[in-house]
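The values are calculated or read from the model by the stated rules, or taken from the named source; none is laboratory data. Because the structure is a prediction, the values reported are computed rather than measured. Cβ: placed from backbone, ideal geometry, glycine included. Neighbour counts: every protein chain shown.
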Amino acid sequence: MAVDWDNLVIGPTIACFGDPVQYEACGGWFPITGVFDEAYLELTPLGKGEDGTEAFSLGSPGAITTARPVLGVQLSQFVLPPEQNDTLTIMGGKFIGGRYVVKEVRPDGHGGAKLLLNEYGG
């Protein structure tokens, strides 16, 4: 028996923990509900890679810590799938008024996704 992740897991989780969000894509906006978090990410510099950029490792002593905002979403709420460079505004909760641009979309394979965000500067 298959689990209906969208209706039995993702939907109730978003309803319980989510905040209203104004999502903007393709020149228009629509309301969704998402779980916003300033996710914790731990990185340790390993030095420069072959391409000259810094390489990082997770979970090592002496790590650098940073906050990366993310929005957990239920994909069935979207008129069009979320994409990089879409923008959104948090309309409720602790982070009300926060404006962000989607840096990356990471679907979970069950009808949800994590939207990795950057603060919107313009």
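Within the range 1-39, the only residue that satisfies the criterion of being within 17 Å of the chain's Cα centre (by Cα), modelled with pLDDT under 90 and not acidic (Asp, Glu) is Ala39.
Yes/no matrix, rows are residues, columns are (1) closer than 18 Å to Gly27 by Cα; (2) of a type in the set (S, T, N, Q); (3) at pLDDT 95 or above:
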residue	(1), (2), (3)
Gln84	yes, yes, yes
Thr87	yes, yes, yes
Gly93	no, no, no
Ile96	no, no, no
Val101	yes, no, yes
Pro107	no, no, yes
Gly112	no, no, yes
Leu115	no, no, yes
Asn118	no, yes, no
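Within the range 1-12, residues that are surrounded by 12 or more Cβ atoms within 10 Å (Cβ to Cβ) sit with their Cβ atoms under 7 Å from residues that are assigned to a helix (DSSP H, G or I), at 6+ positions apart or across chains, in these pairs: Asp6/Ser76. Of all residues in the range 92-122, those being part of a loop (DSSP other than H, G, I, E, B) and either of a type in the set (Phe, Trp, Tyr) or surrounded by fewer than 16 Cβ atoms within 10 Å (Cβ to Cβ) (or both) number 12. Within the range 13-32, the set of residues being in a strand (DSSP E or B) and either of a type in the set (Asp, Glu) or over 11 Å from Gly93 (Cα atoms) (or both) comprises Asp19, Gln22, Tyr23, Glu24, Ala25, Gly28, Trp29, Phe30, Pro31, Ile32.
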